[in-house]
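Reviewing the structure listed below.
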Amino acid sequence: MDAVLVGIALIDVFFNVHTAESLRLAFALVGAFALLLRRRMPLLTFVLTLPSVVLSDAIFAALAALYTLASLSRRRVLLGACALAFTISDMTSLPSPSLDLSSTATLITLGYTAATAAAPVFLGQLVQTRRDLSLRLAEISEARDHERLLTTQTVLAKERAQLAREMHDVVSHQVSLIAVRAGALQVGTRDAETRQAAATIRRLSVQTLDELRHMVSVLRASGGRPAELTPQPSLAELQRLVDGSGIEAELHTDLPPETLPDGLPPTVQRAIYRTVQEALTNVRKHAPGATATVRIHREADTVHVTITNTTPTRPALPLPSAHYGLVSLRQRAELLGGTVTSGPTADGGYELRLELPADNSA
């Protein structure tokens with residue numbers, strides 16, 4: 001695309017600038033080849049194309065640069081100033097400028113020139129809006145999928161909890177009665193064969209009760225918190241969490257690698273992991289386009305965790321939220337004897353801080 005635009009700009013120069021006019025030809029060629037920089041330095045590219053507009057009728061390069069700047073920049077005052085600069089440059093003819101605003105023809109020409117300058121600005125802003133809308137739709141779709149997954153997990157958890165209650169209240173009770181009756185029969189009968197059968201029934205009933213208690217405990221755990229059936233996270237998985245967070249994030253820690261799985265109590269490791277997980281999720285939801293930095297270090301008997309994000313580059317989406325994330329983090333930290341604080345930073349970002357005692361074994 002850049003090569004095509006440069007080619008069209010060169011054709012524009014060929015038809016509108018005479019080869020004998022070396023100064024105008026030089027500026028026109030600079031403006032045409034400057035389009036190769038339009039994606040990396042759009043403002044500089046537009047500035048480099050302005051002399052060609054002032055000195056000649058080769059204006060395609062400037063219009064292309066103005067469109068690129070409008071599609072990448074959100075500063076509308078800057079875009080208005082650039083459109084005005086193009087209009088004035090196109091109306092001026094150096095080295096002998098003649099701009100008579102009292103003439104009707106001049107005013108009509110000024111109107112057409114201003115419209116010509118406004119067209120690439122509006123088109124670039126339209127492309128930028130369409131791009132932002134596509135990103136928002138993708139984020140909303142992803143948020144809905146995640147919400148659907150959470151809803152499914154909640155329904156399954158409720159069903160497991162209900163099943164656990166039924167097993168505890170009905171099945172366990174009846175098996176207990178069978179074991180009691182079998183024990184009474186074993187003691188009260190004089191027939192050896194009946195006593196042996198009663199002992200077998202009682203033994204199998206006791207084994208069944210033990211298995212039922214284990215199944216009820218598993219179902220209750222999954223009903224209260226679905227993730228507890230899987231291995232609990234530790235600091236060894238923290239780098240994977242940061243890399244898979246879906247945002248540009250970095251992890252800095254002064255903890256030796258060998259201490260990550262075993263150097264801190266499991267409760268402290270889980271609290272750190274969940275805090276980083278919640279903070280990165282909040283950055284992704286409430287600060288689109290921001291980058292995050294996770295820092296973990298230990299001072300004496302205290303572990304300090306700081307998650308900082310920069311200013312968002314796009315407006316935040318109105319995603320569904322129960323606003324319980326930070327509350328849960330504070331409650332978890334208080335149970336372990338630590339604290340969680342959060343607040344905006346001076347540069348417009350946000351920072352979440354966690355402090356926990358390193359020797360906590362709760």
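Brief remarks on what is shown
- Filter result (touching a Lys or Arg at 6+ places or on another chain (Cβ under 9 Å), in a loop (DSSP other than H, G, I, E, B) and surrounded by fewer than 19 Cβ atoms within 10 Å (Cβ to Cβ)) within the stretch 1-33: HIS18
- The stretch 249-264, subset farther than 17 Å from GLU299 by Cβ and either at pLDDT 85 or above or surrounded by fewer than 18 Cβ atoms within 10 Å (Cβ to Cβ) (or both), residue nearest to the chain's Cα centre (by Cα): ALA249
- Every pair of residues 6+ apart whose Cβ atoms lie under 6 Å, when the first sits in the stretch 183-207 and is outside the structural domain of VAL171 (by TED's automatic domain parsing) and farther than 20 Å from VAL171 by Cα while the second is in a helix (DSSP H, G or I) and of a type in the set (S, T, N, Q): none
- Flag for ALA3 being within 37 Å of the chain's Cα centre (by Cα), under 17 Å from PRO120 (Cα atoms) and of a type outside the set (S, T, N, Q): no
- Restricting LEU25, LEU48, LEU63 to those that are farther than 18 Å from ALA114 by Cα, of a type in the set (A, V, I, L, M, F, W, C), at pLDDT 85 or above and in the same structural domain as ARG75 (by TED's automatic domain parsing) reduces the list to LEU48.
- Restricted to the stretch 214-225, and to residues there that are surrounded by 13 or more Cβ atoms within 10 Å (Cβ to Cβ) and either out of contact with any helix residue (DSSP H, G or I) (no Cβ under 6 Å at 6 or more places or on another chain) or outside the structural domain of LEU163 (by TED's automatic domain parsing) (or both), the residue that is modelled with the highest pLDDT is MET215.
- In the stretch 324-361, residue surrounded by the fewest Cβ atoms within 10 Å (Cβ to Cβ) [restricted to those that are in a loop (DSSP other than H, G, I, E, B) and more than 25 Å from the chain's Cα centre (by Cα)]: SER361
The values are calculated or read from the model by the stated rules, or taken from the named source; none is laboratory data. These numbers were taken from a predicted model, which means no experiment stands behind them. Cβ: placed from backbone, ideal geometry, glycine included. Neighbour counts: every protein chain shown.
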